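The values are calculated or read from the model by the stated rules, or taken from the named source; none is laboratory data. From a predicted model like this one, the values you see are computed outputs, not experimental measurements. No Cβ is skipped: glycine too gets one built from the backbone with ideal geometry, and neighbour counts run over all protein chains shown.
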Amino acid sequence: MFRRRVDLHPLRKLRETFWPSAGWKRAIQYGWRRVWRLSGTPHAIAIGVAAGVFASCTPFIGFHILIAMLVAWVLRGNLIASALGTFVGNPLTFPAIWLIVYEVGKYMVGAPAGPDPDIAETLQSDRAFDMILPLLVPLTVGAVPVGIVFGCVGYVMTRSGVEAYQLRRRRRLAERSQAPAPFLDPNPPAGETRD
């Protein structure tokens with residue numbers, strides 16, 4: 001579905017991940033158009049995108065698409081739309097998302113206000129897992145309300161966009177079906193054939 005005709009070199013793929021050659025505006029427009037053109041009801045597509053946005057708020061990188069598809073399946077949403085919805089979480093948006101999620105989770109858990117941990121130092125130490133657990137709990141707890149709020153925003157935006165696209169498409173198809181067919185002369189002049 002999203003494969004290129006010619007595979008890119010791994011370094012070029014990495015560059016395209018962080019900075020698309022066509023630009024971010026075109027990449028975002030392409031993603032939205034892919035969502036609008038999915039088959040299904042606007043509600044099912046919007047539920048799928050909302051599930052993807054919700055999954056992007058969780059700290060479980062590598063499992064976002066699986067989480068999104070599971071949530072979309074439970075809510076009877078579009079599974080492809082859920083995978084596309086996970087693109088909300090990307091290297092440019094993760095820092096902002098996780099900062100919000102961490103602060104909300106820290107407030108909900110009631111963690112004492114102390115200095116924020118240094119992530120680089122945490123990952124390089126011998127006791128990395130013991131040091132990551134205090135970060136993981138607020139991130140996981142905070143992901144639920146933040147994911148629900150962001151998912152609701154994604155639902156509203158997606159549903160209105162898909163409804164507008166499908167309405168325009170139905171109008172165009174209706175106009176085409178009512179347009180008069182080109183006139184074909186049943187008796188072409190001698191020597192001419194009809195294609």
Quiz item: Would you say residue 31 is over 27 Å from residue 137 (Cα atoms) and either at pLDDT below 90 or not basic (Lys, Arg) (or both)?
Solution: yes
Self-check item: Condition check for residue 80: in contact (Cβ under 8 Å) with a residue 24 or more places away in the chain and closer than 17 Å to residue 139 by Cβ
Solution: no
Quiz item: Would you call residue 151 modelled with pLDDT of 85 or more, buried (at least 16 other Cβ atoms within 10 Å of the Cβ) and not in a loop (DSSP other than H, G, I, E, B)?
Solution: yes
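Just the residues that are of a type in the set (Gly, Ala, Ser) and either modelled with pLDDT of 85 or more or touching a helix residue (DSSP H, G or I) at 6+ places or on another chain (Cβ under 8 Å) (or both), please, taken from the range 89-112.
Going through the range 89-112, the residues of a type in the set (Gly, Ala, Ser) turn out to be 89, 96, 105, 110-111.
Within the range 89-112, 89, 96, 105, 111 qualify.
Could you say whether any residue in the range 49-70 is at pLDDT 80 or above and touching a Leu at 6+ places or on another chain (Cβ under 6 Å)? Before the answer, list the steps.
First, the residues of the range 49-70 that are at pLDDT 80 or above: 49-70.
So of that shortlist, the ones also touching a Leu at 6+ places or on another chain (Cβ under 6 Å) come out as 59, 69.
Within the range 49-70, one or more residues are at pLDDT 80 or above and touching a Leu at 6+ places or on another chain (Cβ under 6 Å).
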